[in-house]
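The values are calculated or read from the model by the stated rules, or taken from the named source; none is laboratory data. This structure is a prediction, so every number in the text was calculated from the model and none was measured. Methodologically, a virtual Cβ is constructed for each residue, glycine included, from the backbone with ideal geometry; neighbour enumeration extends over all protein chains shown.
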């Protein structure tokens, strides 16, 4: 698992995408694990949909990181 080091100018959605891909999870499977559609996850990763606290917690849990790590 690659380190969670922040990439300069990386958005939260880009960080989620990078960590999901590092864990070799497809969008469809990841979306199912966090309880949303693939389209909704795509919008979160692209920054087109605001990230709710609830979704942030679910995403962090599936990725095995803290919610704060996704936001920093």
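Quick notes on this structure:
- Residues located in the stretch 42-72, provided they are in a loop (DSSP other than H, G, I, E, B) and either under 9 Å from the mean Cα position of the chain (by Cα) or without any contact (Cβ under 8 Å) to a residue 40 or more places away in the chain (or both): 47, 48, 49, 50, 51, 52, 66
- Among the residues of the stretch 31-54, those identified as within 18 Å of residue 10 (Cβ to Cβ) and in contact with a helix residue (DSSP H, G or I) (Cβ under 7 Å, 6 or more places away or on another chain) are 41, 42, 44, 45, 46, 47, 49, 51.
- Single residue of 39, 31 found to be crowded, with 18+ Cβ neighbours inside 10 Å and modelled with pLDDT of 95 or more: 31
- Any chance residue 10 is without any contact (Cβ under 8 Å) to a residue 40 or more places away in the chain, part of a loop (DSSP other than H, G, I, E, B) and loosely packed, with under 15 Cβ neighbours inside 10 Å: yes
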